[in-house]
Every structure is written in C-alpha cells, then in structure tokens.
Amino acid sequence: MSAFDDEQLREWAEQYEQAKKQIAPYLPALQQALETSQALAAALPDTWFASAVESASKAIQFQQQIVAQMAMERQFLPILATHGWLISPLAPADEPTHLHGLYEAGGIPAVEDYLLTGMDNDACETIVAELTNGRPAFRKWSTTFAKALDAHARGDHELAIPIWVAAIDGICGEELKTFQTYSEVKKTALRENLKAKLMPNGPVTYQAMLEAWLAVLVGFAHGRCEGGPALLDRDAIMHGRRPNVGTHKDSVQCLIALQVLQFLLTMRDRRVAST
C-alpha cells in the first residue's frame, strides 16, 4: 500500500505536468549547451583542464583568505582601539595580519613595541606633512601642527598632545558638524551619527578601520579612563584633570587618529562623488 493517498499523488502528478510545460521551451537550448560543453571538454587537453582547475582553486582560496582577513580585522582592530591604537592608512596591506600575529604571541606590549619602533620622528613628520597638504580643514592647522611636531620631537609630549586632541575636536566639528559638546551626546547616538556621515552609502572595504576609529573617538569623547591612553581620556585632558597629560606613545596615537580621520573623510568624498 502506498504511503500517500490518491489525492496527494494526483496533486503531485498535476504539478509535474505543469513543470514540464514550463520547462519544455528551454529544453532544446539546454541540450545544445550540454552538447557544446561536452565537445569542448573532450577537445581540451588534460593539462589545460588541470591548469583551469588549479586556477579556480587558487581563486577560491584567495577569496577565502580575504574573507578570513576581514573577519580577523573586525575582531582585532577594536581590541587595538581599546588601547588607543589605530592602524595607519599608509601601512602595508598585511599590517593587520602581522600585528595580529604579534598580539597572539606577546599581547598588546608586543604590538606597541613594534608600532613605536616604526613611528620615529621622521615618520611623524611625514604624517604631519600629509595632513597639512591635505584637506582645507587640516591645512588651517599647519602652523600649530609644526609647533606641536617640534614639541613631540623634543620629547615635550605634554605640549603636543593637547594640540592633536584639540585638532581632532575642531576638524570633526567642521567636517562632520559635530559642534555639540561630546559629553552631552549619548555614546550610541554619537557613534551612529558619525558612522552615517563617514559611511553614507553603506558598508565599505575599510569598514573595520572606520569602526575602530569610531571606538577611539567615542572613547575619548566619553573618557574617564585615568591612567589609560590619553586619546581615550580627552575630556580629562581638555578640562585640566590630567596634569601629566601623556607620553610619547599617546602623542603618536593622536597623530595616527588624525591621519585616519583625513583618510576616512577623503574616501567618503570619493564614494559620494562616484554615486
């Protein structure tokens, strides 16, 4: 005896006949395509086929590596941001992967040693030159940035850091229209507002960088992390509650934050112009 009743079988039979009628007009073309592909496969030498398979396999592996790297960056860059660190847009493409390896082997101290070694006075001078030759909002700070850079090079980081932080405040206000006092804005609202202004057309390839920068910005906008990175304690610095201000590391972190801000603004404008 059938496991299905007669009515159900008749319904399925009708559906099958309807499907055949819908497919029938396409059968000749499908048959021709099948015969053509079989003939092509038969005509091609085995070595070519093997090469094609290898190329396809490499392409798939490359895509998988890209997806894995993006997933790693989405997880790892926010960790760096909680310590005040962002990755310079001028860094090599494999920099996040390299830093992640250092982090897994030796934690944040290993990452910081590597980053600070690369950020000597020449590197900082290059960043300032890039900033002051860039967008108008940054060029306005040329004279003041030059003085801050001199202080940084002398080791007077306590003099440089307030300038970098004030510049971030001012440029965000001019470019992103965030004129309200940060302490008066809820953290979630601030993040979503700035994200919409920096990424107006949806996700982008540098989304992980943007999320990390937002974590740093929201961090120093809502500081209260005395003893931690100066960049994340902007409120205490600008309101005189942190007399020691910060160190060489703090000054470097602020400079990179400015560099990432200019990069994000430039990429935003390019995306808007292309739509």
The residue that is modelled with the highest pLDDT, considering only those in the stretch 215-248 that are surrounded by 19 or more Cβ atoms within 10 Å (Cβ to Cβ) and among the basic types (Lys, Arg), is ARG242
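So which residues in the stretch 166-203 are among the β-branched types (Val, Ile, Thr), modelled with pLDDT of 65 or more and surrounded by fewer than 17 Cβ atoms within 10 Å (Cβ to Cβ), if there are any at all?
Within the stretch 166-203, the subset among the β-branched types (Val, Ile, Thr) is 168, 171, 178, 181, 185, 188.
Now drop any that are not modelled with pLDDT of 65 or more, which leaves 168, 171, 178, 188.
Within the stretch 166-203, just THR188 meets the criteria.
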When residues of the stretch 249-275 are limited to those that are out of contact with any Lys or Arg (no Cβ under 9 Å at 6 or more places or on another chain), among the charged types (D, E, K, R) and touching a residue at least 40 places away in the same chain (Cβ under 8 Å), the one surrounded by the most Cβ atoms within 10 Å (Cβ to Cβ)
ASP250
Restricting to the stretch 72-93, count the residues that are of a type in the set (Gly, Ala, Ser), closer than 21 Å to ARG191 by Cα and free of Cβ contacts under 8 Å to residues at least 24 places away in the same chain.
0
Residues (farther than 17 Å from LEU231 by Cα and surrounded by 14 or more Cβ atoms within 10 Å (Cβ to Cβ)) located in the stretch 77-94
PRO89, ALA91
Of the residues ASP120, ASP150, ASP156, only one is out of contact with any helix residue (DSSP H, G or I) (no Cβ under 7 Å at 6 or more places or on another chain), surrounded by fewer than 18 Cβ atoms within 10 Å (Cβ to Cβ) and modelled with pLDDT under 95; which?
ASP120
Test result for THR97, loosely packed, with under 15 Cβ neighbours inside 10 Å, part of a helix (DSSP H, G or I), among the polar types (S, T, N, Q) and modelled with pLDDT of 90 or more:
no
Failed item, numbered, when GLU104 is tested on (1) loosely packed, with under 12 Cβ neighbours inside 10 Å; (2) more than 21 Å from the chain's Cα centre (by Cα):
(2)
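The values are calculated or read from the model by the stated rules, or taken from the named source; none is laboratory data. Nothing here was measured: the structure is a model prediction, and the numbers come from that model. Positions of Cβ are generated from backbone atoms using ideal geometry, with glycine treated the same way; all protein chains shown enter the neighbour counts.
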